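**Q** Once you've had a glance at the structure underneath, I'll fire off some questions.
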Amino acid sequence: MNELSSRLKRPQYPMPDFVRELLIQRGLMEMYRSRPAYQQNDYIGWILRAKRKETQEKRLAQMLDELEHGDKYMKMAFHSKR
């Protein structure tokens, strides 16, 4: 059991390779990991539940943009404790 799953009460979504690769490529893995466990899990689940590839890509782009700017989570205001 890893740190993320030990803090969540709902099922944990595994991070797909294509998400991991983009986080690394864009230099956002640290920003992703600094988010609360529920946000990390929600982002991945939200992306994976998309039925169409276009929707999945749109959701992934939104997550990356929110992480890059650091002030949003699912289009809601977010203030990091860091």
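Only the coordinates and a few stated rules stand behind these numbers; no lab work does. Values in this document were obtained by computation on a predicted structure and should not be read as measured data. Glycine also receives a Cβ, built like all others from the backbone with ideal geometry; neighbour counts cover every protein chain displayed.
**Q** Find the lysine pairs in the chain meeting two conditions, Cα atoms under 27 Å apart and a separation of 8 or more places or different chains, and report how many there are.
**A** Total qualifying Lys-Lys pairs in the chain comes to 11.
**Q** What does the net charge come to around residue 59 if you take all other residues with beta carbon closer than 12 Å to its beta carbon, with K and R at +1 and D and E at -1?
**A** +1
**Q** Taking springs between alpha-carbon atoms closer than 10 angstrom, which of 39, 25, 62 fluctuates most in the Gaussian network model of the chain?
**A** Ranking 39, 25, 62 by mean-square fluctuation puts 25 first.
**Q** If I take every Cα pair under 8 Å that is 6 or more residues apart in the chain, average their sequence separation and divide by the length, what percent do I get for the relative contact order?
**A** 23 percent
**Q** For the chain, what does the helix formula give at 222 nm: sum of -39500 (n - 2.57) over DSSP H segments with n ≥ 4, over the residue count, nearest 500 deg cm²/dmol?
**A** Only helices count here, giving -17500 deg cm²/dmol.
**Q** Would you mind estimating how fast the stretch 27-76 diffuses translationally, via Stokes-Einstein at 37 °C and 0.692 mPa s with the Kirkwood radius over Cα pairs, in µm²/s?
**A** Taking Rh from Cα pairs, D becomes 299 µm²/s.
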